[in-house]
Amino acid sequence: MKHTADQIESIALTLLPGFIPKDQKETTLSFHFTLPPNSSFKVFFERDVKLNWQFIRYQEVSDKM
């Protein structure tokens, strides 16, 4: 199944609270997640001027080495 950019962003925003850095000075973060059956993504966030985390982009991650 091909996932849309909107679906990936929505899932990333749902998972975001579990990945927020303890260090308040951090301005970027990224994390990986997998959607069944075998789609993995890395998502990227940046803090805006109001210190809110904003979704920036994603990339599909290949599990092949």
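With a cut-off of at most 14 other beta carbons within 10 Å, and DSSP calling the residue loop, which GluC sites (Glu not before Pro) in the chain qualify? Please list them.
Of the GluC sites (Glu not before Pro), the ones in loops of the chain whose Cβ has at most 14 other Cβ atoms within 10 Å are 26.
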task = Would you mind computing, in nm to one decimal, how far apart the modelled labels at residue 28 and residue 62 are, each placed 7 Å from Cα along Cα→Cβ?
result = 2.3
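When Lys and Arg each count +1 and Asp and Glu each count -1, what net charge do the other residues less than 13 Å away from residue 3, Cβ to Cβ, add up to? Let's see the in-between values first.
Working: positive: 2; negative: 6, 9, 60.
Overall, the nearby charge balance is -2.
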Pairs of lysines in the chain (C-alpha under 30 Å apart; 8 or more residues apart or interchain) = 8
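Values quoted throughout were computed directly from the atomic coordinates according to the rules given, and no laboratory measurement underlies them. What you see is a predicted model; the values in this text were computed from it and never measured. Please note: Cβ atoms are built from the backbone with ideal geometry, for glycine as well, and neighbour counts cover all protein chains shown.
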